[in-house]
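**Q** The structure is given below, and queries will be raised subsequently.
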Amino acid sequence: MLRCHTPPQCARAPLRHHGRWESPPAAAPAVVVRCARGAPQVSGIEAASPGHAAVTAALAKAEGGDARPSLAERLRLGNLLEDGLSYKESFIVRCYEVGINKTATVETIANLLQEVGCNHAQSVGFSTDGFATTTTMRKLGLIWVTNRMHIEIYKYPAWGDVVEIETWCQEDGRIGTRRDWILKDLANGEVIGRATSKWVMMNQNTRRLQRVSDDVRDEVFMHCPKAPRLAFPEENNGSLKKIPNLSDPAEYSRLGLVPRRADLDMNQHVNNVTYIEYTSRYN
């Protein structure tokens, strides 16, 4: 549900698409917009759902904190779905996120995938201290790192388009988790991309991979679908292909590449999106 805190009339919220305002199509996901007279005066749009509210309240109560969502949560155009096992968020493609052809770059897509994944984790109570760390992980100094990512884009969104991204995570072996995404054009519901990834746990101090303990598994997988759900359910799809070993010498190479301070993220390592940027910069 999207709750509007500016009281005029209750109606479907308009979307800005290619410089013009238009109402969401009938095929768009059901969205209820209602006035909240008497509600705390918060500018912008509050994103909420029964699942999100219940999780937020329960976690705050358990920690003796405030059950009210943060300002960022209220302004964010995203929420947990009814079953609480996946998360959707909408993004407007900004002018600084597009390339020479006015469509989103690969780096933009990868950053949005990372952002919606982090917001999903925050919505179920995981920490903002690092990327989606649980209570046990913070105590043990553990972080998530990307081991593999496969992205397929069928139509790149243009400047001003609104992209809806759904994400969920699930178990993937004893040392990692899997996160999938489906990207849609919110204007017409068309699937414009899919992605999947594998994340492994690493000790932030020793920089060594670590097996996912039962405590962490209990904290993470309670928010995951019990039955396998794949963004690429087809047999022999591209995400299953092994990454081939590079021949020596490689067709394209660059020596002496040294990571800059700006390439490091809050976990003090080169972010996975930066590697994508390296390949496009030096191709």
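**Q** Output the number of residues of region 65-101 satisfying the condition of being in contact (Cβ under 8 Å) with a residue 60 or more places away in the chain, surrounded by 12 or more Cβ atoms within 10 Å (Cβ to Cβ) and over 18 Å from the mean Cα position of the chain (by Cα).
**A** Residues that pass the stated criteria total 1.
**Q** Do you know which of the residues in region 165-179 that are touching a helix residue (DSSP H, G or I) at 6+ places or on another chain (Cβ under 9 Å) and either free of Cβ contacts under 8 Å to residues at least 24 places away in the same chain or acidic (Asp, Glu) (or both) is nearest to Phe232 (Cα to Cα)?
**A** Taking the candidates together, the pick is Glu166.
**Q** So the check is Cβ under 8 Å with 6+ separation or different chains; which pairs have a first residue in region 106-121 that's over 21 Å from Met137 (Cβ atoms) and free of Cβ contacts under 8 Å to residues at least 40 places away in the same chain and a second one that's in a helix (DSSP H, G or I) and of a type outside the set (S, T, N, Q)?
**A** Once the first residue is over 21 Å from Met137 (Cβ atoms) and free of Cβ contacts under 8 Å to residues at least 40 places away in the same chain and sits in region 106-121, its partners that are in a helix (DSSP H, G or I) and of a type outside the set (S, T, N, Q) give Thr108/Glu97.
**Q** Can you tell me which residue is farthest from the chain's Cα centre (by Cα) among those in region 102-125 that are in a loop (DSSP other than H, G, I, E, B) and closer than 28 Å to Arg68 by Cα?
**A** Within region 102-125, the match that is farthest from the chain's Cα centre (by Cα) is Gly125.
**Q** Do we find that Thr128 is on the phi < 0 side of the Ramachandran plot, at pLDDT below 95, part of a strand (DSSP E or B) and in contact with a helix residue (DSSP H, G or I) (Cβ under 9 Å, 6 or more places away or on another chain) in this structure?
**A** Taking the combined requirement at face value, the residue does not satisfy it.
**Q** Something else now. Filter region 245-278 down to residues that are β-branched (Val, Ile, Thr) and not in a helix (DSSP H, G or I), then give me how many there are.
**A** Result for region 245-278: 2.
**Q** Just one of the numbered conditions (1) surrounded by 17 or more Cβ atoms within 10 Å (Cβ to Cβ); (2) of a type outside the set (Val, Ile, Thr); (3) under 20 Å from Glu234 (Cα atoms) is not true of Arg148; which one?
**A** All conditions pass for Arg148, except number (1).
**Q** Kindly provide the set of residues from region 80-101 that are closer than 30 Å to Glu277 by Cβ and part of a strand (DSSP E or B), ordered by number.
**A** Tyr87, Lys88, Glu89, Ser90, Phe91, Ile92, Val98
The values are calculated or read from the model by the stated rules, or taken from the named source; none is laboratory data. A quick note: this is a predicted structure, and the numbers were derived from the prediction, not measured. Please note: Cβ atoms are built from the backbone with ideal geometry, for glycine as well, and neighbour counts cover all protein chains shown.
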